[in-house]
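The values are calculated or read from the model by the stated rules, or taken from the named source; none is laboratory data. Model, not experiment: these values are computed from the prediction. In this analysis, Cβ positions are derived from the backbone assuming ideal geometry, glycine residues included, and neighbour counts consider all displayed protein chains. All accessible areas refer to the heavy atoms of the entire protein, side chains included, with ligands and DNA or RNA removed. Shrake-Rupley method; radii C 1.70, N 1.55, O 1.52, S 1.80 Å.
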Amino acid sequence: MEQTHLDWLIELSERELLPGLQIDSIEPHNPVVVSKVPSPWQLLGTGNYAAVFYHPSQPDRVVKVYAPNRPGWTEEVEVYHRLGSHPAFSECLYAEEGWLVLKRLYGMTLYDCMHQGIPIPKQVIKDIDAALDYARKRKLHPHDVHGRNIMMWEDRGFVVDVSDFLHEEACSAWQDLKKAYYWLYLPILCPLRLRMPYFILNIVRKSYRLYRRFVSNW
């Protein structure tokens, strides 16, 4: 039955979603732009290279589609192959050039938690640490793990985007986020239950990118 449902979703993707979808990557460091989604498909989220959709008939699976001429599909397939099954990661159920079918991860990104003033418990941070250690044991290199790539559901943490886990260059994004969590968020922001406007969060995100670029070129 599970395989029948998966086959049906693959058929729907090829017949409805992909032909009727309009997705563009305008700037490589900003999320892709989705201007058209065929009904009844729903847009779930966007990243710098791809967007994620689901069909109401199968809400526990998602279809991730890469924007034209954006890299990463081959690498992401390999990453999921190495990860196998782990509670903090999704799983790749099917892959075709430029798109994948993945197990859906439910929850809210830490980015959105900050926006809504929802407390982020320490267990979420511990879960991500354990998940990244697991990935390293699978000869992967956790890369670009930040507030928009981490989700929280029932006080547990999940890694949403693993497409850059084959990059071997050093990346301190997760360590920097942890420092901000323990030094700034826990003692100050969390007790105040502050709701951070998206424009402020975007300023912080872009400023951090500039800082990391400056440091790497120093």
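I'd like the distance separating the alpha-carbon centroids of region 36-58 and region 96-165, in whole Å.
19 Å
Which of the trypsin sites (Lys or Arg not before Pro) found in region 128-195 are loop residues per DSSP with 15 or fewer other Cβ atoms within 10 Å of their Cβ?
On the way: sites: Arg136, Lys137, Arg138, Lys139, Arg148, Arg156, Lys178, Lys179, Arg193, Arg195; in loops: Arg138, Lys139, Arg148, Arg193, Arg195.
Of the trypsin sites (Lys or Arg not before Pro), the ones in loops of region 128-195 whose Cβ has at most 15 other Cβ atoms within 10 Å are Arg138, Lys139, Arg193, Arg195.
Excluding same-chain residues fewer than 8 positions from Lys36, which lysines have a Cα within less than 17 Å of its Cα?
Correct list for Lys36: Lys64.
Out of these labelled values of P(r) over Cα pairs in 10 Å bins from 0, in percent, (1) 7, 25, 22, 16, 15, 11, 3, 0; (2) 7, 23, 26, 22, 15, 5, 1, 0; (3) 8, 32, 37, 20, 4, 0, which was calculated from the coordinates shown here?
(3)
Once ligands and nucleic acids are excluded and a 1.4 Å probe is used, how much of Ser39 is accessible, expressed in Å² to the nearest 10?
100 Å²
From largest accessible area down, sort Cys190, Cys171; use a 1.4 Å probe on the protein chains. Walk me through the numbers on the way to the answer.
Values: Cys190 30, Cys171 50 Å².
Correct descending sequence by accessible area is Cys171, Cys190.
Just the accessible area per residue of region 141-204, please: how many Å² with a 1.4 Å probe? Write out the running numbers ahead of the final one.
Details: 3830 Å² over 64 residues.
Ligands and nucleic acids excluded, the result is 60 Å² per residue.
Among the lysines, which fall within straight-line cross-link reach of Lys179, defined as a Cα-Cα distance under 29 Å, with same-chain neighbours fewer than 8 residues apart omitted?
Straight-distance partners of Lys179: Lys122, Lys126, Lys137, Lys139, Lys206.
Heads up, I need the accessible area for Tyr49: 1.4 angstrom probe, whole protein in place, Å², nearest 10.
Surface accessible to solvent at Tyr49 totals approximately 70 Å².
Roughly speaking, to the nearest percent, how much of region 80-218's 1.4 Å accessible area is carbon and sulfur?
Working: 4680 of 8110 Å².
Carbon-and-sulfur percentage of accessible area, whole number: 58.
Quick one: in region 106-177, what % of C-alpha pairs are over 19 Å apart? Don't skip to the answer; put the middle values down first.
Numbers: 731 of 2556 pairs.
Counting pairs separated by more than 19 Å, the tail of P(r) holds 29 percent.
Within region 70-109, which GluC sites (Glu not before Pro) sit in a loop by DSSP and count at most 11 neighbouring Cβ atoms inside 10 Å? Working shown, then result.
Values: sites: Glu75, Glu76, Glu78, Glu91, Glu96, Glu97; in loops: Glu91, Glu97.
Answer by residue number: Glu97.
Using θ = phi - 60° and the Karplus curve 6.51 cos²θ - 1.76 cosθ + 1.60, what whole-Hz ³J(HN,Hα) does each residue of region 183-194 get, with Gly and Pro shown as x?
In residue order, the calculated couplings are 8, 10, 5, 4, x, 10, 5, 4, x, 7, 6, 5 Hz.
If each Cα of region 1-103 is one equal point scatterer, what is log10 of I(q)/I(0) from the Debye formula at q = 0.10, 0.18, 0.22 Å⁻¹?
At q = 0.10, 0.18, 0.22 Å⁻¹ the computed log10 ratios are -0.26, -0.86, -1.26.
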